[in-house]
1. Which label belongs to the value computed from this structure, given these candidates for Cα extents along the principal axes in Å: (i) 82, 57, 47; (ii) 119, 59, 57; (iii) 97, 74, 61?
2. Please give me, ordered by residue number, the GluC sites (Glu not before Pro) of the range 134-167 that lie in loop per DSSP and have at most 16 other Cβ atoms within 10 Å.
3. Tell me, what is the percent relative contact order of the chain, built from C-alpha pairs under 8 Å that lie six or more residues apart?
4. Within the range 549-614, list the GluC sites (Glu not before Pro) lying in a DSSP loop whose Cβ has at most 11 other Cβ atoms in a 10 Å radius.
5. Stretch E263-A678 to full length: gain in nm at 0.36 nm per residue minus the Cα-Cα span?
6. Between the DSSP loop rule and a limit of at most 10 other Cβ atoms within 10 Å, which trypsin sites (Lys or Arg not before Pro) in the range 614-716 are left?
7. Evaluate E = 1/(1 + (r/R0)^6) for V591 and A55, where r is the Cβ-Cβ distance and R0 equals 45 Å; express this FRET efficiency to the nearest 0.05.
8. Given the DSSP H assignment, sum -39500 (n - 2.57) over each helix run of at least 4 residues in the chain and divide by its residue total; what's the result at 222 nm in deg cm²/dmol, nearest 500?
Amino acid sequence: MGFVCRFRRAWFVRTPILISLILSSVLQPSAVSGQDSTARDRAGAAAIHGLITDATNEGPLAAAEVRLRELGRQEISHEDGTFRFNRLAAGRYTLVVQRVGYATTEISVVVVGADTAHVQLALEPSGVRLPGIVVTGAGRERELAAAYQPTAVLTDAELRRRLGSSVAATLEHEPGISIRYNGPAAAQPVIRGLSGERILVLEDGQRTGDIATTAPDHAVTIDPLTAERIEVIRGPAGLLYGSNTLGGVINVIRDEVPRTRPEHWSGTASVQAESVNRGVTGGTALLLPLGGFVLRGEASGRTAGDTRTPLGRLHSSGLDGHSIGAGVSRIGDRGYIGAAVRDLGMRYGVPGEFDGVVIPGAHAGGVEIELSRTAYRIEAGLLDGVGPFDAIEAELIQTSFLQTEYEAGGTVGSQFGQVALGGDLVARHDHTGARIGGEGAVGVSFYHKDLNADGLYTGTRPAKQLTLAAYAYEEVRFGRLRAQVGLRYDRSRITPRDSTSRVLGPIGPRTFDAVSGSAAMLFDIRPGVTAGATLARAHRSPSIEELFSDGPHLADFSFNIGSPELPAESGTGTDLFLRIAQRRLSGEVAVFHQVIRHYIHYAPTGELDPRFRRFPVYQARSTDARLWGGEAGVEWEVLPRWVVAGAGGYVRGRRVDTGEPLPAMPPLDGSLRVRYDAPSGFIGVGWRGAAAQSRVSEFEEPTAGYHLMQGEAGVRRVIGGRLHTLTITAENLGDRVWRDHLSRIKAVAPQPGRNIRVLYRVAF
């Protein structure tokens with residue numbers, strides 16, 4: 001893995017130079033001298049002082065989140081219910097207040113001269129999920145109601161209730177999202193029946209730089225424990241993020257590089273235990289203002305044994321891992337600059353047998369996988385206007401990834417190393433007029449990865465890939481109507497390191513050009529009720545594996561052969577949705593249709609591999625495909641503090657030429673929960689299940705449906721001005737045997753049995 005070391009040395013040489021150049025251009029001397037003003041509230045002497053109370057008893061409320069919408073600043077109310085924003089310029093501001101167990105409240109405040117404005121806000125108890133903030137799909141913070149695509153946001157209480165061992169496990173109850181299961185660690189998300197290279201999993205808006213999407217036994221290298229929120233965009237969303245977004249985007253938000261300066265230090269600490277695998281997870285995150293700097297640090301660790309099923313233990317399914325991150329920002333008069341580093345390590349097992357029966361396509365005894373990922377990030381922004389633009393922001397991230405797979409007995413079966421470098425430069429503007437308003441952006445980006453692979457049991461060929469892109473979008477508002485149009489151009493070049501394959505013969509570089517576009521509309525039917533329509537076209541270049549593979553793939557017990565002449569996939573999708581965000585009713589209902597030209601899949605050739613003469617040969621081919629369906633998620637406070645929540649999703653996929661079903665399509669699924677949600681705590685019961693899946697491709701087996709009961713309870717207490725929460729979740733209460741259609745091991749092993757999860761969290 002010498003190339004990894006060479007790249008790391010080069011990066012550490014260049015980093016100080018990059019930081020110096022950006023720092024000198026972004027920050028003025030006043031910022032270096034230690035002034036505490038930010039780009040958006042410069043030189044102001046005014047302030048807002050507020051008091052938050054409970055509307056039912058008029059008592060003060062601590063631990064409420066108060067956002068200053070125009071400036072993106074945030075404060076937490078103290079034990080006496082007070083909060084304060086200093087260093088404000090005169091003008092009109094909007095305060096948005098959220099707290100678990102209460103309805104979101106907002107108020108407009110006018111600050112005059114250098115005065116202090118005094119406000120009081122009374123929050124009404126409510127158990128409906130808060131609407132939340134979303135950045136994915138637009139690149140800047142906005143209310144969820146203003147998102148132009150079908151969107152889901154998990155934050156605060158809802159995120160803690162659903163927190164799983166992986167991103168996929170945390171999201172699997174969301175409408176339109178399924179999980180491809182190969183053991184607890186090797187679990188990958190599926191959006192509307194699409195997975196792998198067709199969806200993007202991001203961390204703070206950037207690619208993770210791992211190889212999770214290349215095989216079902218590879219883990220997503222993100223620990224959700226310390227995430228602030230998780231955002232999901234369903235459907236084609238390639239405008240800002242490029243290729244690989246035919247299915248959608250998952251963005252795990254941490255804000256590793258702080259962009260605004262808080263008034264006080266804050267943080268969280270969490271510990272979780274679960275019974276199904278005797279697992280323990282713990283983590284903490286801290287945000288600290290220090291002069292003109294803002295420091296952020298976090299650390300988490302996880303350990304778990306083999307997962308218990310109703311029929312016995314699933315051997316080789318345990319995992320151990322850690323994640324450590326640190327970031328620092330300098331907030332100046334004109335903008336900010338910051339850097340962050342993250343180190344993640346994990347060791348986990350991929351099951352090979354169950355109850356003495358070898359899983360088809362697996363190794364007896366299983367496989368142990370050890371991986372590490374190190375990421376370095378630099379961000380900078382000019383936020384007070386440059387020429388025709390209101391803000392210009394830049395981001396650069398470099399990742400080094402190494403994965404080693406150990407066969408039974410400790411021998412190395414395969415090894416992967418990847419170094420990736422990506423960056424974005426975006427310029428944003430706002431425009432207003434007498435009858436029209438809106439915003440827009442133009443940007444450029446690049447992404448380069450260098451993949452190396454070695455070992456007897458891998459057919460992945462070493463290769464490089466470079467993608468360059470430019471995009472623009474524009475939004476306009478006409479009263480209750482909002483519209484967005486956008487255009488993106490991508491050029492991707494994939495170059496194999498070797499010009500000859502043992503199976504494919506001579507191979508050479510491939511170049512793909514793609515033009516993506518989108519048009520969307522939102523119409524405010526009434527306050528809190530919005531209808532939307534989206535038409536989008538996205539592309540996906542064939543992966544390195546789909547083009548150049550020529551060896552065994554043990555996770556599938558197959559010998560995979562690429563097709564060097566594969567065309568790029570192109571998907572045209574339409575979404576219609578209705579979004580509700582009212583005090584006692586919240587949710588979204590969407591229907592979709594998508595046609596994917598040149599849909600790439602592996603088809604059997606009927607031959608055995610030329611190297612081992614025991615693996616069936618599958619070759620990458622393309623066909624046209626059509627997918628359609630819908631999803632819905634609704635929460636309704638039917639009585640004060642009594643909430644009924646329901647969700648469901650359905651997708652069908654077929655080949656256009658033959659009408660045959662596409663493989664790995666999730667069945668109709670749904671969930672229903674009833675809970676009593678008060679400010680001091682909650683308790684509830686629920687059901688989730690799925691119909692049988694009988695529409696299967698030629699080489700799939702049907703799967704029976706299932707029904708599972710669940711329970712949840714939690715307590716919230718403010719002690720010493722800090723919010724303490726204790727959450728208990730029970731899954732599969734009846735300890736029933738059930739099998740998920742998308743599970744890679746369903747033919748032999750069922751899904752996990754009864755699981756009791758206990759999570760304690762304190763916000764300080």
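What follows is calculated from the coordinates using simple rules that are stated; it is not laboratory data. These numbers come from a predicted model, not from an experiment. Counting neighbours? That spans all protein chains shown, and the Cβs are built from the backbone with ideal geometry, glycine included.
1. It is the one labelled (i).
2. Values: sites: E141, E143, E158; in loops: E141.
Those satisfying the criteria are E141.
3. Details: 2262 pairs, mean separation 85.9, N = 764.
So the answer I get is 11 percent.
4. Working: sites: E565, E569, E588, E607; in loops: E565.
Here the GluC sites (Glu not before Pro) that fit, given the DSSP loop and packing criteria, are E565.
5. Working: separation 415, 0.36 × 415 = 149.40 nm, distance 2.94 nm.
Stretched fully, the E263-A678 segment lengthens by 146.5 nm.
6. On the way: sites: R614, R621, R626, R641, R652, R654, R655, R673, R675, R688, R695, R716; in loops: R614, R641, R695.
Here the sparse-neighbourhood loop sites are R614.
7. Details: r = 38 Å, r/R0 = 0.84.
With a Förster radius of 45 Å, E is 0.75.
8. The per-residue figure over the chain is -2000 deg cm²/dmol.
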